[in-house]
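Report on one structure; see the data block that follows.
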Amino acid sequence: MIFSILIYGSAHNSQSVHTAYRFAKSLLAAGHTLHRVFFYGESVYTASALCAPPRDEQDIHQLWKSLAETHQLDLVVCIAAALKRGVIDQAEAQRHEKPAFNTHAPYELSGLGQLSEAAIISDRLVTFGA
Amino acid sequence: MIFSILIYGSAHNSQSVHTAYRFAKSLLAAGHTLHRVFFYGESVYTASALCAPPRDEQDIHQLWKSLAETHQLDLVVCIAAALKRGVIDQAEAQRHEKPAFNTHAPYELSGLGQLSEAAIISDRLVTFGA
Amino acid sequence: MQSKSILLILSHAPYGDTRAKEALDLALTAAAFGQDVSLLFTQDALYLLLKSQQPQAIEQKNLANICSALPMYDIDKIYIENNTSQTKHITAEQLILPGVFVNHNQIALMIRDHDVVLRF
Amino acid sequence: MQSKSILLILSHAPYGDTRAKEALDLALTAAAFGQDVSLLFTQDALYLLLKSQQPQAIEQKNLANICSALPMYDIDKIYIENNTSQTKHITAEQLILPGVFVNHNQIALMIRDHDVVLRF
Amino acid sequence: MSTLHTINKSPSDNTLWQSCLAALLPGDALLMIENAAYAAAQPSVMTQLQEYDIDIYLLSADVDARGLSGKLYTNANIIDDQQFVTLACQHTKVVSWF
Amino acid sequence: MSTLHTINKSPSDNTLWQSCLAALLPGDALLMIENAAYAAAQPSVMTQLQEYDIDIYLLSADVDARGLSGKLYTNANIIDDQQFVTLACQHTKVVSWF
């Protein structure tokens, strides 16, 4: 079955990004397809590579990154939600004349159309909320 | 009268950082002292210089920065809350071996002790919540 | 590309957080992508539709303006939770957009009958 | 440095968000700075004190352990909202920390009588 | 020895509102900010507030933003940001409900 | 044509819970995740749920994290993440209440 996941909860102030991660791992283990993971709202902070959690706490940025690299996942971060929150890749940093950037592959900035497309393509779109 | 402000609401998903800003402007205009502004929880994202809001929307990072520069305000960002969320200055970027940083003066990373001190020094500690 | 029927349920008030605005952005995008979008205003989301909003006082975009433009973006299936409007003493005349008033039973059936249901 | 009496009111459950944890961090810091800290557990914050929490299953720190260590950090003024424990059917034996049960009236007076009151 | 309480959520957050109301003492003041401004447009909430011997305030920016003037079921004082600061000075502390 | 509903807030978010309950149809399933696990430890909420002709589930990781096993007032099925995926497949869609 083809799944897509929409994450809306805050990356570092909500359990939902982690619950979504466990759900993704489980559906992949069961042999299903994960068409896309779409980060919207406060979940876009997941894509920031600058987070430095304490050693004894999980690194949700790294967990998603590793899972994506292992399974060639499509991690799409809503570009409008990301830019206003300061989650920015190299290309957008140049465009907006920012001195640095904090996200890169496998996280990819793109539009809400990617979520619409995922809703159509997938048999199930599962949301993990704020 | 000596005020301090504690901000706990999300920088880009809550009205509270902006309400706090208006309160700060008003108390300064009335001749009171603003001893410290302490950013805690999700409000620490205010300190990120990489946010690129649409042209017709407010830039809350810039609003606080300008106010701080005009009035020599002490803008303290809780270092523990900031590091786990990827809000990081040059010194911490080096310590944690991160390739970039996204905050600098007048925003200053420091510990929760700065909030305790503010609570003691100030006649009023006003919280703007999540 | 095939089309699916999408029901977007809004439940939060404007301005206190970005939830209502981000849900509206999603609705506009889905409609632009040719999806069959229905919008249901429940709970505090009914406040999105109040006339005379002036959010420039708090430096935010006017979400009532976005709502009133929904039909121009081919979103004309607008539903309003009946129970909410009664609790909040809001009448149809106070709203910037006409909508079909629905009760809890009808909402349950709408959720059943749409392909995708997202609640914000 | 002079000392003030600080009342920290906790109202949120652990793990769903970081609010409870950040409030506890603040309590520990204030106590370390010699402040006179009182902690009041209301609403869902009562769940912080439940025995047998095993948050490693969701990769989070055990907040009950932090709570049980509060007296070691000189935080021994622990209060629990009476009404909450009744609503949630939680008895004193189920809690990892003893506390003084207080009703709404007593809470209102506690808020009045402390120099600084922060609610998380 | 009176307290200025601020609250920033609509009455849909019933748990928050009940906690706040239970903490009010005679002589206190309640300032409804941000989404709490919607409370002033709900008759049931304003009726409940009348039972308390407190002063009630609204921030004009929040009332205007939400299109609530003319829809208020209260004679609460509508104040500006400067008066918010004055209120904070007049009470011995500020407690925020959020 | 049945729906899997997930809900992730404790019953203190009464507005959310009432909206979710009103949307349940016979044959649907309700999975209480994250802080919604606390609902299973509250008799009044579980009694209310019994009126619905639906299946009720809890995620074991959330129950264990919160120390709730042995304190549940329900015979809800306690499932793991794999079974969550299975449930999502068995129902024609998933609706999330948060």
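The values are calculated or read from the model by the stated rules, or taken from the named source; none is laboratory data. What you see is a predicted model, and the numbers here were worked out from it, not measured in a lab. Please note: Cβ atoms are built from the backbone with ideal geometry, for glycine as well, and neighbour counts cover all protein chains shown.
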Q: Being under 15 Å from F:L4 (Cα atoms) and either surrounded by fewer than 19 Cβ atoms within 10 Å (Cβ to Cβ) or within 9 Å of another protein chain (Cβ to nearest Cβ) (or both) is the filter here, so list the residues in region F:58-81 that pass it.
A: F:L59, F:N77, F:I79, F:D81
Q.
Residues that are crowded, with 19+ Cβ neighbours inside 10 Å and under 17 Å from D:Q53 (Cα atoms): does region D:70-81 have at least one?
A. yes
Q) Which one of these is closer than 22 Å to D:H12 by Cβ and more than 14 Å from chain D (Cβ to nearest Cβ): F:S12, F:S19? A) F:S19
Q) Looking at this structure, is B:R55 modelled with pLDDT under 95 and over 22 Å from E:C89 (Cβ atoms)? A) yes
Q: With respect to B:K25, determine if the residue is in contact (Cβ under 8 Å) with a residue 12 or more places away in the chain, closer than 26 Å to C:P14 by Cα and not in a loop (DSSP other than H, G, I, E, B).
A: yes
Q. Looking at B:E97, B:E92, which one is over 22 Å from B:I5 (Cα atoms), facing chain A (nearest Cβ under 10 Å), free of Cβ contacts under 8 Å to residues at least 12 places away in the same chain and not aromatic (F, W, Y)?
A. B:E97
**Q.** Hey, F:P26 in a loop (DSSP other than H, G, I, E, B), over 14 Å from the mean Cα position of the chain (by Cα) and more than 7 Å from every other protein chain (Cβ to nearest Cβ) or not
**A.** yes
Q: Go through region D:103-114 residue by residue and tally those that are assigned to a loop (DSSP other than H, G, I, E, B) and either in contact with a Pro (Cβ under 8 Å, 6 or more places away or on another chain) or crowded, with 17+ Cβ neighbours inside 10 Å (or both).
A: 1
Q: Hey, could you check region A:36-91 for residues that are of a type in the set (S, T, N, Q) and under 22 Å from A:L115 (Cβ atoms) and say which is surrounded by the fewest Cβ atoms within 10 Å (Cβ to Cβ)?
A: A:Q72
Q) If you go through region A:112-125 one residue at a time, do you hit one that is acidic (D, E), assigned to a loop (DSSP other than H, G, I, E, B), touching a residue at least 40 places away in the same chain (Cβ under 8 Å) and surrounded by fewer than 21 Cβ atoms within 10 Å (Cβ to Cβ)? A) yes
Q: Specify which of the listed residues (C:L28, C:L39) is away from chain E (no Cβ under 14 Å), closer than 23 Å to E:A41 by Cβ and at pLDDT 95 or above.
A: C:L39
Q. Any residue at all in region B:5-16 that is closer than 26 Å to A:G9 by Cβ, at pLDDT 95 or above and part of a helix (DSSP H, G or I)?
A. yes
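Here is a yes/no grid of residues against (1) small (G, A, S); (2) more than 18 Å from E:A39 (Cα to Cα):
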{"residue": "C:I9", "(1), (2)": "no, yes"}
{"residue": "C:Y15", "(1), (2)": "no, no"}
{"residue": "C:A32", "(1), (2)": "yes, yes"}
{"residue": "C:Q53", "(1), (2)": "no, no"}
{"residue": "C:L63", "(1), (2)": "no, yes"}
{"residue": "C:D76", "(1), (2)": "no, yes"}
{"residue": "C:T84", "(1), (2)": "no, no"}
{"residue": "C:H89", "(1), (2)": "no, no"}
{"residue": "C:F101", "(1), (2)": "no, yes"}
Q. Is at least one residue of region D:10-29 free of Cβ contacts under 8 Å to residues at least 60 places away in the same chain, surrounded by fewer than 19 Cβ atoms within 10 Å (Cβ to Cβ) and more than 15 Å from the chain's Cα centre (by Cα)?
A. no
